[in-house]
Ligand code: SAH
Ligand code: SF4
C-alpha cells in the first residue's frame with residue numbers, strides 16, 4: 001500500500017482497516033504483539049473464510065486478544081449508500097469509503113452460482129471514449145481491504161436475504177483499471193484464491209484490463225489469474241482514438257506479451273469487444289481482429305455498447321453483429337454475444353459511475369465536477385474551522 005493510500009484510510013478512522021491485512025500481515029502483527037503465530041491464521045480465517053467481521057465473535061481466540069483487535073483496528077465494511085435491483089435480479093450497490101468517496105459493485109446471482117463484478121479504483125484515468133467510468137477521471141485507488149470488503153459485503157448480504165450462496169466468481173469489471181492499482185489488486189487476488197481465504201479457484205477470478213503491458217507481464221509471473229483484454233479494435237490508429245492507452249502500449253506490443261501469458265490451455269484469454277455502429281463493426285474490422293488473434297487461444301465476447309447520458313455512439317445492429325460473429329466463428333474463434341446484465345439500473349459493463357438513483361440520467365462529467373467542487377469546499381471549510 002502506498003503511504004498516501006495508507007494515510008487516507010488511517011486518517012479517517014484513526015486505525016488501520018483489518019481487511020487490508022493478509023495472512024503475512026497478521027503473522028507480523030502476532031510477532032509484534034508476542035502472540036503465537038497460529039492466532040494469525042485464526043483471525044484471517046474468521047474474516048475471509050467465515051465472513052465474520054466482528055472480533056467479538058472470534059470464539060476460539062482469547063478475550064484479551066479480541067479486545068486488542070477491536071481497539072487497534074477498524075472493522076467497518078464499506079458503507080452501503082444505496083442499492084438498486086434490476087429486473088434481471090442483478091443488484092447494484094453504491095458504496096461509500098470511509099473518506100466519503102462513492103464506488104460500485106454489481107452482484108449477479110445465477111441458479112447455481114453468484115458472480116460479483118468489483119471495482120478496483122474510484123473512477124479511472126484511462127479515458128476510453130465509450131466508457132462512463134472513464135468520464136469520471138481518477139480520484140484514488142481502492143486498497144486491498146476495500147476491494148475485498150466488496151466480497152465480504154456481498155456474502156453477508158446474500159446470507160441476510162436467506163440465500164445459501166456465496167460469491168463464486170469474481171470479475172474486475174467494475175470501476176477502474178485494475179492493473180493501474182497493481183499491488184492492491186494482486187494482494188486482494190491472492191486472498192481470493194487462498195484456500196484459507198475466500199478459497200476460489202484461479203479460474204474463477206478474472207482481471208480485465210485495457211492493456212497495461214508491464215503489469216500484464218508481472219501478473220503472469222506472480223499470480224496468473226484469468227485475463228480479459230478490453231480490445232475493441234484491432235487497428236492501431238482506430239484503437240488509439242478509442243483507447244488512449246494504445247498510444248503508449250501498441251497492439252503489436254500487447255500481442256507479444258499475450259503470447260507469453262500463462263493462460264490455461266483450455267480457456268485461453270478472453271477479449272472484450274464493444275460493438276459500436278460504424279466504428280469497429282465491419283467485416284474489415286473483423287478481418288483485422290482475426291489477424292491480431294492469430295496464435296492466441298482466444299474467446300471474444302461481443303458486447304453491444306451500453307449507452308449512458310452524453311454518449312453519441314450507438315450499438316451495432318443485430319445484422320452487423322451476426323455477420324461479425326459469423327466471420328469469427330467460421331475461423332474457429334468463439335464469439336458469443338453478451339448483453340450486459342443490469343442495464344436498467346445502469347449496472348452494465350462500462351455504465352458504472354457511482355451515481356445515485358436520481359442522477360442516472362445526468363451526464364457523468366457534470367456530477368463528478370460538482371462532487372469534486374463540494375469536496376474541495378468542505379475541505380477548505382474544515383481547514384478554516386481549525
Ligand atoms: N478497466 C478495465 C475493467 C473495467 S471496464 C477494462 O477496461 O478492461 C469493464 C469492461 O466494460 C471492459 O471490458 C470495458 O471495455 C467494458 N466497457 C466499457 N464501456 C463500455 C460500454 N459503454 N458498453 C459495454 N462495455 C463497456
Ligand atoms: Fe477505464 Fe476500463 Fe472504462 Fe477504459 S473501459 S475508461 S480502462 S474502466
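The values are calculated or read from the model by the stated rules, or taken from the named source; none is laboratory data. Every value quoted in this text rests on a predicted model; they were computed, and no experiment measured them. Here the Cβ positions follow ideal geometry from the backbone for every residue, glycine too, while neighbour counts run over all protein chains shown.
Filter the range 335-353 for residues that are assigned to a helix (DSSP H, G or I) and surrounded by fewer than 20 Cβ atoms within 10 Å (Cβ to Cβ); which is farthest from ligand 1 (Cβ to nearest atom)? The selected residue is 344. The listed residues are 219, 179, 212, 200, and the only one of them that is more than 16 Å from ligand 1 (Cβ to nearest atom) and assigned by TED's automatic domain parsing to the domain that holds residue 328 turns out to be 200.
Against the definition (under 20 Å from residue 121 (Cβ atoms), assigned by TED's automatic domain parsing to the domain that holds residue 337, away from ligand 2 (no atom under 13 Å from the Cβ) and modelled with pLDDT of 95 or more), how does residue 269 come out, yes or no? Considered against the rule, which asks whether it is under 20 Å from residue 121 (Cβ atoms), assigned by TED's automatic domain parsing to the domain that holds residue 337, away from ligand 2 (no atom under 13 Å from the Cβ) and modelled with pLDDT of 95 or more, residue 269 comes out as no.
For the range 98-149, a residue qualifies if it is out of contact with any helix residue (DSSP H, G or I) (no Cβ under 6 Å at 6 or more places or on another chain), assigned to a helix (DSSP H, G or I) and within 14 Å of ligand 1 (Cβ to nearest atom), and the qualifying residues are 133, 134. Scanning the range 302-332 for residues that are farther than 22 Å from residue 278 by Cα and either within 12 Å of ligand 1 (Cβ to nearest atom) or surrounded by 14 or more Cβ atoms within 10 Å (Cβ to Cβ) (or both) turns up just one, 331. Across the range 59-70, a minimum of one residue is classified as more than 16 Å from ligand 1 (Cβ to nearest atom) and crowded, with 19+ Cβ neighbours inside 10 Å. Scanning the range 264-284 for residues that are more than 16 Å from ligand 1 (Cβ to nearest atom) and either surrounded by 15 or more Cβ atoms within 10 Å (Cβ to Cβ) or in a strand (DSSP E or B) (or both) yields 268, 282. Among the numbered conditions (1) in a helix (DSSP H, G or I); (2) over 16 Å from the mean Cα position of the chain (by Cα); (3) surrounded by fewer than 21 Cβ atoms within 10 Å (Cβ to Cβ), the only one that residue 195 does not meet is (1).
Candidates are the residues of the range 198-212 that are in a loop (DSSP other than H, G, I, E, B) and touching a strand residue (DSSP E or B) at 6+ places or on another chain (Cβ under 8 Å); the one that is nearest to ligand 2 (Cβ to nearest atom) is 210.
So that you can scan it fast, the table gives a plain yes or no per residue for (1) touching a strand residue (DSSP E or B) at 6+ places or on another chain (Cβ under 9 Å); (2) part of a strand (DSSP E or B); (3) in the same structural domain as residue 115 (by TED's automatic domain parsing); (4) within 16 Å of ligand 2 (Cβ to nearest atom):
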residue	(1), (2), (3), (4)
288	no, no, yes, no
296	yes, no, yes, no
301	yes, yes, yes, yes
310	no, no, yes, yes
327	no, no, yes, no
333	yes, no, yes, no
355	yes, no, yes, yes
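For the range 44-90, give me each residue that is without any contact (Cβ under 8 Å) to a residue 40 or more places away in the chain and outside any helix (DSSP H, G or I). Once the filter is applied, which keeps residues that are without any contact (Cβ under 8 Å) to a residue 40 or more places away in the chain and outside any helix (DSSP H, G or I), the range 44-90 yields 50, 52, 54, 58, 59, 60, 61, 62, 79, 83, 89.
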